[in-house]
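All remarks here apply to the structure that follows.
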Amino acid sequence: MPLPVSKYVSRVALLSLAATLLSPLPQAHAQQRSLGLDVSSWQTEISANSWSEIHNTNNRDFVFIRSSRGGTTGFYNQNDPGNNLNRNTQSQRYDDPYFVQNITRATNAGLLAGPYHFARPDIIESTQNSGGVANTGVDEADHFIEMAGAWMRPGYLLPVFDLEAGQAQHTRDELAQFSIDFSDRVYEVMGVRPVIYTNGNYANYLQGASPALQDEVVAAYPVLWAARWPNQDNPDAIPVQTGHPADTYGPIYGPWDDAPNPEHPWGFWQYASTGRLSGYNNGNSNLDLNVAQGGIEFLKDQLVPALWTGGETGEWTTLDNWNSGQAPIAPVQGRRQDPRVGPLTLPAVRLPAGDDTVVIDRDAGDLTVTHSSGAHSIRKLVVQQTLDITGGSLAVNHTPSSDSPGPSVAVTGALSVTGGALGAHTIAVDAGQQLTLAGELAFTSLQLAGARRTPGELSIVGDIVIGPHGSQEAVIQTAGDETADGRIDLGGQDYLWDVADGAAATDVRVLVEMINGSFAKSGLGTLALGQATAYAGDLDVQQGELLLDGLRLNDAANVALASGALLTLDWTGTPDAIGMLTLDGASMPAGVYGGVGSGAQFETPLLAGSGMLEVTAVQLVGDYNADGVVDAADYAVWRDNLGSEFILPNRDPASTGAVSQQDYVAWRNNFGATSASASSSAAPEPAALTGLAVMAAGITIARRRASRPAAF
């Protein structure tokens, strides 16, 4: 039977993802641990109603279901394990006849379900009827994939390798290598690393393998399912919500708890084989019972991720590009196997969806995925190569917790949002990587990795819409190396930041360095720039509030405020020197400016807070080469850049867009002016100031007389 091999399947070991995500949270379980079970044909028929009761009444959230035993050849009678009837042959293949029915019914009832394979490394050359051929990890994996590969896809728990045979027939190194070969084959064909189920005896046996093989087997099986039954007489008395397998047998984990791994590295714990549930045979028969080391969000981390199976470029919306969109290959019962029980129901093909972790990666070279249309929702996103969101919207719904640490979006490759929208609670950009933005971005925490040479970066390449993902303020901050900040590259242009207005007092807070240009603030939301931004550009506040939280501006900064906007200066001490202040397009004279009631020389409702601004120079409009005089040389600068996006120095604030005829008129009107004459004309007599700068909002300026300031 041909295998569903794709040479383009991505590589992912789920538990290693945390290394590229947020700093891991301490091992803690504030959430209730999820309970589960595992079943096989030994339980015979389990009705759809029983599965519903197991989930809804017995509170079981997950189940592992046996699909197969042994290799691809021969026959095995599970009622004759000793082969007394002499009918078990070759690699002793066994296809569980209840597997398809069980996984279909369990999933329909609401449990998270996945397949497991019982390995037979105990079959060697000298085994009765083996034909002189020993079972191999590769052949057993092929059998597993034949029978359960259709369910090794998003929506189902990771496949499991059940290791509880072969110790007497193999050295420690041989058994470790058998296990590694099994995992490598599943990884090669399906793109995921399986879980390993084993008990303390076998875990300890692997502990005795060579150090290199110990490391390899732990890497091959990132998730450990440990079998330890501390109280078979009364399983309900086992403290499954707080206890651990090692509480009653210290060496239970084998090499999985070696440094630097956690003290209790298990993902699942089979805590009893004598459990009783009312949903199965009215509680009159034994079951294997399990607990996960976390709640439902932990379980979702153990689902098969959505992997790219297309070529080097492709659209998000093309089904064939995803393992979830590949047509499942139906299992075929082998020769002499018991017939399948129930109908053959295969998973439906679909795009990545709400509970999926999507991994943008491809083994066979570079990859660029384009999301150009549609509204899609997933759980987590790991960008290891390139994802371009050029249209539509992508919502990433995961919120980090003790059960499921790590960000909603991990960027270890290249992510761009240049025409669509991305929403996520936590976005982490690795050192040396960029999140490129010219679209819409909603988040709670944007974490840019600190690094001395190439920190994680938010690169602005166009106008953006930015805001909080939920009710909390959105924060852009450094993660990791606190000695070097992440940064925002403003793109060398005055791009518009449209800040959405959310429930928090401050909607977006920037706590990283901002370089390469300026920006214009729009939108009704509040944007706060912290002192760490070291922002050295101009300020253009067109709408909403911009809060300078301890940040002082460049002495040559040009500050422009429009009616209805607000610039809050949150500092104390001496006024902050700036180069120019423009209110509704009119340049203000030199002096000290503050909010109404601040006691500044000039007061305006467009300013607030305890800080003040001091205009120390006046713009010389038309001085396009910034030499202090408006002359023929400035005309040449205008002429050479006419129609371009070149940023003219000392441009009339009323002029916007490309260099135009309006800039020529400003030069002509000011021809012959000098810096000295501009300063003189900008400091009129007190009587003249009351009529200066009358704007749409009716703002006026008055020089402070005695102790009473004037408002504008």
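Read-outs: derived from the displayed coordinates by stated rules, not from any lab. Worth saying up front: this structure is predicted, and the values here are computed from it rather than measured. Please note: Cβ atoms are built from the backbone with ideal geometry, for glycine as well, and neighbour counts cover all protein chains shown.
Here are the numbers for the structure shown:
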read-out: Gap separating the Cα centres of region 287-311 and region 346-387, nearest whole Å; value: 17 Å
read-out: The chain: angle of helix 137-148 to the longest principal axis, Cα-based, in degrees nearest 10; value: 80 degrees
read-out: Nearest 10 degrees, 0 to 90: helix 632-641 Cα axis against the chain principal axis; value: 30 degrees
read-out: Trypsin sites (Lys or Arg not before Pro) restricted to DSSP loop in region 418-502 with at most 13 other C-beta within 10 Å; value: Arg452, Arg453
read-out: Radius, Kirkwood style, for the chain when every pair of distinct Cα atoms is counted (Å); value: 29.4 Å
read-out: Alpha-carbon Rg with Dmax, taken over region 632-681, Å; value: 11.1, 33
read-out: Mean separation of Cα contacts under 8 Å, 6 or more apart, over the residue count of region 34-303: relative contact order %; value: 19 percent
read-out: Kirkwood Rh (inverse of mean 1/r, distinct Cα pairs), region 307-562, angstrom; value: 19.6 Å
read-out: Whole-number Å³ per residue for the convex hull built on Cα positions in region 83-201; value: 120 Å³
read-out: Most to least packed among 264-271, 36-43 [average Cβ atoms within 10 Å]; value: 264-271, 36-43
read-out: Surrounding net charge for Phe64, when Lys and Arg each add one and Asp and Glu each subtract one, Cβ distance under 13 Å; value: -3
read-out: Largest-first principal axis extents, alpha carbons of region 34-303, Å; value: 50, 44, 37
read-out: C-alpha center-to-center spacing [region 509-534, region 155-203] in angstrom; value: 51 Å
read-out: 0 to 90° range, to nearest 10: angle between helix 172-190 axis and the chain longest Cα axis; value: 60 degrees
read-out: Total formal charge among the other residues, if their Cβ is under 11 angstrom from that of Gly564, Lys/Arg +1 and Asp/Glu -1; value: -2
read-out: Extension gain from Ala237 to Ser401, taking 0.36 nm per residue of separation minus the Cα-Cα distance; value: 56.2 nm
read-out: Radius of gyration and maximum dimension Dmax of region 214-264, Cα, Å; value: 12.6, 37
read-out: Cα gyration tensor shape for region 379-498, rounded if a/c is under 1.5, else prolate or oblate; value: rounded
read-out: Order of Ser518, Ser402 - criterion: other Cβ atoms within 10 Å of each residue's Cβ, fewest first; value: Ser402, Ser518
read-out: Rh by Kirkwood over Cα pairs, then Stokes-Einstein D for region 138-186 at 1.306 mPa s and 10 °C, µm²/s; value: 134 µm²/s
read-out: Region 472-595: C-alpha gyration tensor shape, a/c 1.5 cut-off, then a/b vs b/c; value: prolate
read-out: Among 226-239, 545-558, the order from most to least packed when residues are scored by Cβ within 10 Å on average; value: 545-558, 226-239
read-out: Karplus-derived 3J(HN,Hα), 6.51/-1.76/1.60, for each residue of region 522-530, Hz, glycine and proline x; value: 10, x, 7, x, 9, 10, 10, 10, x
read-out: Sorted peptide list for 589-601, 192-204, criterion being average Cβ within 10 angstrom, highest first; value: 192-204, 589-601
read-out: Ser660 paired with Ala636, simple spin-label distance in nm, labels 7 Å along Cα-to-beta-carbon; value: 2.7 nm
read-out: Mean residue ellipticity (222 nm) of the chain, computed from DSSP H runs ≥ 4 via -39,500 (n - 2.57), nearest 500; value: -4000 deg cm²/dmol
read-out: Net length gained if the chain between Thr248 and Asp338 were fully extended (0.36 nm per residue, minus Cα distance); value: 28.4 nm
read-out: Relative contact order, percent, region 307-562 [alpha-carbon distance under 8 Å, six or more residues apart]; value: 10 percent
read-out: Neighbour-count order for His143, His170, fewest beta carbons within 10 angstrom listed first; value: His170, His143
read-out: Theoretical FRET efficiency, 1/(1+(r/R0)^6), r = Cβ-Cβ of Val596 and Thr57, R0 45 Å, to 0.05; value: 0.10
read-out: For region 132-250: Kirkwood Rh in Å [reciprocal of mean 1/r, alpha carbons]; value: 15.6 Å
read-out: J(HN,Hα) series, region 55-61, from Karplus relation 6.51 cos²θ - 1.76 cosθ + 1.60, nearest Hz, glycine and proline x; value: 7, 7, 9, 8, 6, 9, 9
read-out: Convex hull projection area averaged over all views, region 213-339, Cα basis, nm²; value: 13.4 nm²
read-out: Nearest-0.05 FRET efficiency for Val349 and Ser377, computed from C-beta distance (R0 22 Å); value: 0.80
read-out: Residues Thr454, Thr107, sorted so that the one with the fewest Cβ neighbours within 10 Å comes first; value: Thr454, Thr107
read-out: Stretchable slack from Glu645 to Thr483, in nm (0.36 nm times residue separation minus alpha-carbon distance); value: 54.6 nm
